[in-house]
Every structure is written in C-alpha cells, then in structure tokens.
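I have placed the structure first, in the form of structure tokens, so that the comments after it can refer back to it.
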Amino acid sequence: TRERGTIKVLMLPWLGHGHVSPFLELAKKLTSRKFVIYLCSTPINLSSIKKRVTENDSLSLELVELHLPTLPELPPHHQTTNGLPLHLHPTLKQAFDMSSSSFSNILQTLRPDLVIYDILYPRAAPTVASSYNIPVVQLIPTAAALISYGLHVFQKHGVEFPFAAIQPRGPRRAPPREAPVDDDTKERFLGGIRQSCKMILLNTFRELEGKYIDYLSTLTDKKIVPVGPLVQDTNIVEQNDSQIMQWLGTKDEFSTVFVSFGSEYFLSKEEMEEVAHGLELSKLNFIWVVRFPFVEKIELQEALPKGFLDRLGNRGLVVEDWAPQAQILAHSSTSGFVSHCGWNSILESLKFGVPIIAIPMKYDQPMNGRLVEDVGVAVEVKRDENGKLNREEIAQVIRKVVGEKDGEDVRIKAREFSEGMRMKGEEEIDGLVEELVQLCNEAKLLKN
Ligand code: UDP
C-alpha cells in the first residue's frame, strides 16, 4: 500500500484567479501532510502561478505545462489569472478537449496516484485519467447551496427547492441565475457531477452551509467532503500593493469600506455612476477597485462621474485593475465590503470578520448574496423594479452595515464567523487525507 509521503497528486484547476486560489490552498494543506503535489496548467497561466508559489514559503509544488492547440479565436492574452474573459470559455474548453494526447503524455510521464480537478475543467482530462485507472476527485470552488440547487432543479422537476430563503428570485433583487433549462446546459452540468469521480470536495464549511451540504449528499451517490474555507494567505504584499496598504494604514480603525466586483465582472457605465455616487453619498472612506475589459481602452477619468476624483480628495482611493483584497479585508481600518458576492470574496470576508454590502451581479452571485444575507453577515442592496441600482440605496445600505445601530447584528455575526473560523481545527483535512490514501490504495489493488 502507498504511504503518504509517496502519494503523487496531479491538480487541474480551471483558469481564473478564483479557481486557482482554492487549489493552491488545498495544495498547501496536503503538502504539509506529506503529499507530493503537481499542478498542471497552460504556460501563460502558470507564469503568474509561479510567482505566487515562489513568494510563498509554505507552498511547495511542481508546475506542469499543458500546451493548448492554437485556435484562431484564441487571442494571445487569453489566460491571465487576473480576469478570464468569459466569452472565451467555450473556445478554451474546446482547446483543452483537443489537448487530450498532451495530457495523456503528462500522465504517462508523471504517473500520479490521484487527480484532483475543477468542476469547470473540460471533461477530456479526467476521462483520460480514469482510463488509466487513476482515481479522480472533483474540487468545486463554489457554494454547496448553488450545486444542490442546480441538481435539485434538474432531478426533481416541479418540486419546490426546500430552502426558500436562497431561491434565486424575488422582487428588487439582482437578476437570477437563469435556470439552465436547455438540454445542452443540463447535460454539461449533470455530466460534470456524474463524471467518474467518487468524491467531491467543496470549498465550504458546515457552520456556513451544513444544510446544503447534507441536502447535496442526498442528491448524489458521491462522497461530499467540505474542505473549506480555502482562503488565500495575507502575508505576501507585492511591490505595487504596498502603496495601497500604506494609504489604508493612515485611516482610522473600522473607517474604510472596500469595494470590488471580482475578477470577471465589469460594471456598465450606468452601474459605475450609481456606485460612484453611492460611495460619495455614504461620506465614508473607501478603496474601490475599478476594472475594464482588456480590449476596451477606457480612461478611468472618463468612466467615472465628472469631477469625482477631484471631489474625493484623500477620502477614497480608486485603484485600477487589481488590489490585494485579502490583505485589505484583514486590515484593521476596514469596516465593510461592498462585494459582488463571488464565493472566494465571501469566504475571505467571513475569515476576517468583515460584514458585506451585497451587490450581486450575475452567475452564482445572486444566490450567494441571498445565502450570506440569510446567515446574517450581509445586507443586499435592493434594486428598482427594473433591476437597476440606485445611489441612495447603495449609500444607505453601506451606512447601515458599517455604522448604524440597526446594522449591529450583521457586524456581530460577521465577527462571530471570523472567530469560529480561526478556532476551527484542521480535522476535516486530516479526515480527507485518510480518505484519499484509501482511494489510492483501492485503485492500486485494482491495477495489480
Ligand atoms: N481579487 C483580488 N484583487 C482584486 C480582485 C479580486 O485579490 O482586485 C481576488 C479575491 O481576493 C478573490 C478572487 O480574486 O480571491 C475573486 O474570486 P471571487 O470568487 O470572489 O470572484 P470572481 O472573480 O470569480 O468573480
């Protein structure tokens, strides 16, 4: 049988910051328990991962390059981890599926004992691994609520989802994730879950999502293992980040809100206006990360309301493109997080006890927003009857969550989560390690 120190794990995260981070955190936990980790991605994506690995002493892993075929629709900048243009997903998936033989070579050279792959990872790779009798385990970097909702909708036609509070609908809410009804989407989702893996790891934890984890277990015959929160480290500050941190350091304790809509969503002109005016009306300090699509050459000054930056003075900092989110959330000057409710953002906010002003936009975000409001750590900014954001409402919710009396429960709850997470042991990971060793040994027995 295999001993831990000799088990080789090949990790296949999907591209994009929010997908790579939980894999790197899981890698850290597994290497500290003597697993040997290889992480495979495309050369462009690996170059930014390499930086994160060399800057982080506690992370030791081997990087493995997967070369994609050149497709005419795939522009050269396609795989930056700081934002993966979503319209490229289908082409990228196609490119990954066309690279099965390169992947097969990687497997033959490395001979891993186990493959851990992202739910979004194109199907070809885990299928090839299974054909070599290598056990495959899926890591889902989103909420259990979302996955159980998706499975419920597909499996139990017409039956009401048992958890009404997080139903992705309701008046004055962000547009719901459209129930993917067409056969193709349905097949892709179910196919993703049904793949040959026996075990699904989720980046979540029982205190946050116990009932959804349990419900998900009833909907699938796979072993569901919550391994979260897998949240990135805060001890690495990059050169251009230090200015932001210095600025934040000059602000009073609990005085500043952090505003970010993640790595994949770009605000429309109208949304920019409402958020900018909302921040101005709130009269609070803020750091706001503003991002524009790579191909559109937009000037910051033009995208913001006229005179906004001048009026702002030293009260706010508008950062273009990227800010060290986890460090900012961990900082004592930070009092609230105006967030699009990406799953990583939520976990980071909870880890550092920062209450959330939820402005979910699309995909899984509306459901995530409802979930955090339901557990009491967030208040969602309501929209008008046409689904539009409104500056007064934004300002009012910010003020409520970070300072006013009727937001006190939310602030207390966020702090409680943070304390609970700090005290949380690593038993889940120890349990997981036992399971993974067993899985590898069973596969070995089958092969021999
Ligand atoms: N992030 C960051 N700086 C930014 C924007 C995002 O560090 O300016 C990180 C953030 O800390 C999180 C991830 O990128 O770990 C975003 O993941 P999330 O699931 O919240 O949203 P997505 O980008 O997938 O929409």
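Among the helices (runs of 4 or more DSSP H) confined wholly to the stretch 341-413, which include 3 or more residues that are touching a Pro at 6+ places or on another chain (Cβ under 9 Å) and within 12 Å of the ligand (Cβ to nearest atom)?
Answer list for the stretch 341-413: 343-351.
Just name the residue that is nearest to the ligand (Cβ to nearest atom) out of those in the stretch 253-268 that are touching a strand residue (DSSP E or B) at 6+ places or on another chain (Cβ under 8 Å) and of a type outside the set (Gly, Ala, Ser).
261
Only one of 32, 48, 41, 60 is within 25 Å of residue 88 (Cβ to Cβ), away from the ligand (no atom under 16 Å from the Cβ) and of a type in the set (Gly, Ala, Ser); which?
Answer to the check: 41.
Tell me which residues, restricted to the stretch 315-343, are β-branched (Val, Ile, Thr) and either in contact with a His (Cβ under 6 Å, 6 or more places away or on another chain) or surrounded by fewer than 21 Cβ atoms within 10 Å (Cβ to Cβ) (or both).
318
Would you confirm whether or not the stretch 68-76 contains a residue that is at pLDDT below 90, in a loop (DSSP other than H, G, I, E, B) and within 16 Å of the ligand (Cβ to nearest atom)?
No, because not a single residue in the stretch 68-76 is at pLDDT below 90, in a loop (DSSP other than H, G, I, E, B) and within 16 Å of the ligand (Cβ to nearest atom).
The values are calculated or read from the model by the stated rules, or taken from the named source; none is laboratory data. What you see is a predicted model, and the numbers here were worked out from it, not measured in a lab. Please note: Cβ atoms are built from the backbone with ideal geometry, for glycine as well, and neighbour counts cover all protein chains shown.
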